[in-house]
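Participant: First the structure, then my questions, so here it is.
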Amino acid sequence: MKEQRVPAGVVGLGLMGTSIVTCLVAAGHPVVAIDKDAARRRKLKQRVSVLLRDMRREKLLSKEPASVLKHLSTSGDFAALRDCGLVIESIFENLSDKREVLRKIENAVAPGALIGSNTSALPVTELQRGARHPERILGVHWGEPAHILRFLEVICGAETDPQNAQKVMRLASLWKKEPTLVRRDVRGFITNRIMYAMMREAFYLVENGYATVEDVDRSVRNDMGYWITMAGPFRYMDLTGIPAYAAVMRDLLPDLCCATNTPKLMQEVVASGARGISNAKGFYPYTPAEAKRWEKRFLDFSYEIRALALKYAERPKN
């Protein structure tokens, strides 16, 4: 069976689960989508259809969306995953809940099926504990929107078979990703460790009166935001002169925030019920119309930045 035709499953049909389903079905997989919420299951094909039409418009999909949707089915029963060679779990970030879902997946699929957890920070080794076949469980960390971004991290837990990790890496290339293999399990993996260090400092600057939320966003957007699509931190230091960074590190690193508690501002915003543009309430004020406009802008930008990144992508060495 060709790899792109391997039946795939996705458990959890929230924002990311929906875009993961879209990515997999667009790549040619027959997809079984699982969620206990019947309303989410009923709405899935409509939501995926909209995303597939956008992919078609942006030339990321060669087939008609209607023909692709024929290969998507939904169920509330894990037994529907029985023929899947790959299943991605994408539920809320809670260790015990994810473990429970992974065990249900294991009970449903064949021993050789691969199981990936779309976790942002949970150690894969902890997710493997108690599994019958821990060697086939990996972290598969997607970015949102998953059907557009080239980003994907494949994370090995302590008991992951490296050959299984390589299988997922090959599949990721069929999904039009540029995957990264995280060879040793570490909480947060690569991008989240770096991003949350930045977010901690951003909260520190706002909470201590050095800048407003708008100021921080503007500075990061107009500095880091302009180069980071082309060059990661190490390439950027190569491009702009390494010794200067060593000098700054000597003086600045001891002064950076090293707090281990969730920032007070974050706690207050979450306690207010804010979820971001999904309920038009966040660090910025939104009307419902403004939230919808930002949602569309983010998707449009994601397509455009993908095209720009590909224009400057490194070519494989012969």
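The values are calculated or read from the model by the stated rules, or taken from the named source; none is laboratory data. Please read these numbers as outputs of a predicted model, since none were measured by experiment. Virtual Cβ from ideal backbone geometry, glycine too; neighbours counted across all protein chains shown. Surface areas here come from the heavy atoms of the whole protein model, side chains and all, with no ligands, DNA or RNA. Shrake-Rupley method; radii C 1.70, N 1.55, O 1.52, S 1.80 Å.
Participant: Would you please list the contacts, defined by Cβ atoms under 7 Å and residues six or more apart or on different chains, that run from a residue in the range 257-269 that is without any contact (Cβ under 8 Å) to a residue 60 or more places away in the chain to a residue that is open to solvent by 50 Å² or more (accessible area, probe 1.4 Å) and basic (K, R)?
Facilitator: Between residues of the range 257-269 that are without any contact (Cβ under 8 Å) to a residue 60 or more places away in the chain and residues that are open to solvent by 50 Å² or more (accessible area, probe 1.4 Å) and basic (K, R), the close pairs are C257/R200; A259/R200.
Participant: I would also like to ask the following. Do we have Y204 as in contact with a Phe, Trp or Tyr (Cβ under 9 Å, 6 or more places away or on another chain), assigned to a helix (DSSP H, G or I) and buried (at least 16 other Cβ atoms within 10 Å of the Cβ) here?
Facilitator: Yes: the conditions hold for Y204.
Participant: Can you confirm whether the range 186-197 contains a residue that is open to solvent by less than 80 Å² (accessible area, probe 1.4 Å), among the aliphatic types (A, V, I, L, M), assigned to a helix (DSSP H, G or I) and farther than 17 Å from A259 by Cα?
Facilitator: No: the range 186-197 contains no residue that is open to solvent by less than 80 Å² (accessible area, probe 1.4 Å), among the aliphatic types (A, V, I, L, M), assigned to a helix (DSSP H, G or I) and farther than 17 Å from A259 by Cα.
Participant: Read through the list (1) surrounded by fewer than 22 Cβ atoms within 10 Å (Cβ to Cβ); (2) in contact (Cβ under 8 Å) with a residue 24 or more places away in the chain; (3) not hydrophobic (A, V, I, L, M, F, W, C), then give the number of the only condition that Q163 fails.
Facilitator: (2)
Participant: Sticking with this structure for a sec: Of all residues in the range 282-304, which are open to solvent by less than 60 Å² (accessible area, probe 1.4 Å) and closer than 17 Å to L51 by Cβ?
Facilitator: Of everything in the range 282-304, those that are open to solvent by less than 60 Å² (accessible area, probe 1.4 Å) and closer than 17 Å to L51 by Cβ turn out to be L299, D300, S302, Y303.
Participant: Restricting attention to the range 29-50, does a residue exist that is open to solvent by less than 70 Å² (accessible area, probe 1.4 Å), of a type outside the set (V, I, T), in contact with a strand residue (DSSP E or B) (Cβ under 8 Å, 6 or more places away or on another chain) and in a helix (DSSP H, G or I)?
Facilitator: yes
Participant: Report, by residue number, each residue of the range 1-28 that is in a helix (DSSP H, G or I) and modelled with pLDDT under 95.
Facilitator: Of everything in the range 1-28, those that are in a helix (DSSP H, G or I) and modelled with pLDDT under 95 turn out to be E3, Q4, R5, L15.
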